[in-house]
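Everything below concerns the one structure shown next.
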Amino acid sequence: MGDQLTGLLSPFLRSRRIAAAKPFLGAGRILDIGCGTGELARHVESDRYLGVDQDQESIAIARKNFPNHQFFTVREFSRLPERETFEQIVALAVIEHVNDPEQWLGWLRALLRAGGSLILTTPHPAVRRVHELGARIGLFSRAAAEEHGDFLDRGRIEDLAGAAGFTVRKFRRFLLGANQLVLLEPDGNRAISR
């Protein structure tokens, strides 16, 4: 299903996630994991961007909409001959869909260059029931809601990040507290800022 933006509010939520992440997009190569139709590519020069998604239809749309940017399905990405590393990895509203978030974070950490960072957004557990109800009445994507695993709070995110070799550099909630932005650095020693 192309990008799963079937809910009435889904495009708005995506735009708010991108807006939350944009201030943290730095220089260098960026990997957009779970890129969907590639909307983040609007904000990153084509030579710095690589988008990956498991949905072939979404990747086809992204390639059509952003012909100068690189997009791969997860399968294509895993078959690339060279293992590229990135200054930043962005995963907007992805971790709540992952079966083993600790293992997934470890995989992403291995794709980061020294000094790199990982930008995550994820819904807060307090809004799970609201999200499920909203999906039933068409405000949010029903397919995305059905794919959700765990909704992670700050403590759980910090535990998973630490186990995967990350330090939380920045944490904040946005969209009236319904979503969380987390900036992770590998093996960093910086304190958490609010």
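Just so it is clear, none of the values below were taken in a lab; they were calculated from the coordinates. Predicted model only: the values in this text are computed from it and were never measured. Reconstructed Cβ throughout: ideal geometry from the backbone, glycine too, with neighbour counts over all protein chains shown.
Amide H contacts of S117 (H built 1.01 Å from N, in plane; Pro and chain starts excluded): Q88, I89 sit under 5 Å, all sequence-distant by 5 or more or on other chains. Between region 147-185 and region 43-74, the alpha-carbon centres lie 25 Å apart. Among beta bridges identified by DSSP and lying wholly in the chain, the antiparallel ones come to about 45 percent. Residue order for R17, R129, fewest other beta carbons within 10 angstrom first, comes to R129, R17. Scanning residues 5 or more positions from N179 or on other chains, those with amide H under 5 Å from its amide H are H124, F174, with H placed 1.01 Å from N in the peptide plane. Amide H to amide H, which residues 5 or more places from G51 or on other chains are under 5 Å from it, using H placed in the peptide plane? Close amide H contacts, sequence-distant or interchain: D32, Q70, F71, F72. Built from the Cα atoms of the chain, the convex hull projects on average onto 10.2 nm², one quarter of its surface area. L160: net charge of surrounding residues, Cβ under 14 Å, Lys/Arg +1, Asp/Glu -1, itself excluded? Result for the local shell: -4. Only helices enter the 222 nm calculation for the chain: every DSSP H run of n ≥ 4 contributes -39,500 (n - 2.57), and dividing by all residues gives -9000 deg cm²/dmol, rounded to 500.
Each Lys or Arg adds one and each Asp or Glu subtracts one; over the other residues with Cβ under 14 Å from the Cβ of V74, this totals -3.
Highest-first packing order for the peptide set 32-40, 53-61 is 32-40, 53-61, based on the mean count of other beta carbon atoms within 10 Å.
Remark: the Cα gyration tensor places region 1-116 in the rounded category, a/c being less than 1.5.
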